[in-house]
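Worksheet: the structure to be examined is printed underneath.
The numbers here are math on the coordinates, done by the rules we state, and not lab data. Please read these numbers as outputs of a predicted model, since none were measured by experiment. Using ideal geometry, Cβ is built from the backbone for each residue, glycine included, and neighbour counts are taken over all protein chains shown.
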């Protein structure tokens, strides 16, 4: 799964690398983004403006918005089969902005803490996760826009730590995800990012607490 990620770079880096449009005024660097928090996404491939959605998908038909806390990831292998994701895969795809993410490795000792690792692209450039989104309307008339990160089998680098990884789309592939094309072509994009184009380092346990949101979270453990 993907349960935490970062957007530590300034908006200008994202705009230049990904050819983005407008940036919302509430953008701030984040070192420990957690589910249910607001995150930057792009849904319109023409304007490419950044919007703010809540992480944790609430299907449009849901009666209880609490379902979003269990829908932070969607498995690529079953995304077209699951009722919760079918409609969004066809009509509501999005790009979720990031420049790194965390995965946790189980401890070799029973009951021991899981060890977090921070993953980035090899050159440190910003990228996107493949995502889907929905607009949920509350009984009171409020519209809540939510999204989820699609995951796939891990590449060789991530597999050392975890059995899943987020689907990464870089500047050469991300806009194809928002293009109008057949389902088979979209499904083919939901593949592991090449391990040789990524880097990783272990980090401390500060990231385990979502209230910790500072550069300490991404600091290499041996430093």
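Observations
- Pairs, first without any contact (Cβ under 8 Å) to a residue 40 or more places away in the chain and on the phi > 0 side of the Ramachandran plot in region 19-40, second in a strand (DSSP E or B) and surrounded by 12 or more Cβ atoms within 10 Å (Cβ to Cβ), C-beta under 8 Å, six or more apart: 36/54; 36/55
- Scan region 178-200 for residues that are under 18 Å from residue 101 (Cβ atoms), out of contact with any helix residue (DSSP H, G or I) (no Cβ under 7 Å at 6 or more places or on another chain) and in a helix (DSSP H, G or I) and the total you get is 2.
- Residues that are touching a helix residue (DSSP H, G or I) at 6+ places or on another chain (Cβ under 9 Å) and either surrounded by 15 or more Cβ atoms within 10 Å (Cβ to Cβ) or closer than 22 Å to residue 3 by Cβ (or both) within region 13-28 comprise 18, 20, 23, 27, listed in sequence order.
- Residues satisfying the stated conditions in region 67-93, i.e. outside any helix (DSSP H, G or I) and in contact with a strand residue (DSSP E or B) (Cβ under 9 Å, 6 or more places away or on another chain): 71, 72, 73, 74, 75, 79, 82, 92, 93
- Considered as a group, the residues in region 55-99 that are within 25 Å of residue 14 (Cα to Cα) and touching a helix residue (DSSP H, G or I) at 6+ places or on another chain (Cβ under 7 Å) include one that is surrounded by the fewest Cβ atoms within 10 Å (Cβ to Cβ), and that residue is 93.
- Any pair with Cβ under 9 angstrom, 6 or more apart, that starts in region 185-196 at a residue that is on the phi < 0 side of the Ramachandran plot and without any contact (Cβ under 8 Å) to a residue 24 or more places away in the chain and ends at one that is part of a helix (DSSP H, G or I) and surrounded by fewer than 20 Cβ atoms within 10 Å (Cβ to Cβ): 185/176
- Test result for residue 163, closer than 13 Å to residue 128 by Cα and assigned to a loop (DSSP other than H, G, I, E, B): no
- Residue satisfying all of: in region 118-141; surrounded by 20 or more Cβ atoms within 10 Å (Cβ to Cβ) and out of contact with any helix residue (DSSP H, G or I) (no Cβ under 8 Å at 6 or more places or on another chain); nearest to residue 219 (Cα to Cα) among these: 120
- For region 54-66, the condition holds for at least one residue, the condition being that it is within 18 Å of residue 142 (Cβ to Cβ) and in a strand (DSSP E or B).
- Exactly one residue among 43, 6 is within 13 Å of the chain's Cα centre (by Cα) and buried (at least 18 other Cβ atoms within 10 Å of the Cβ), and that residue is 6.
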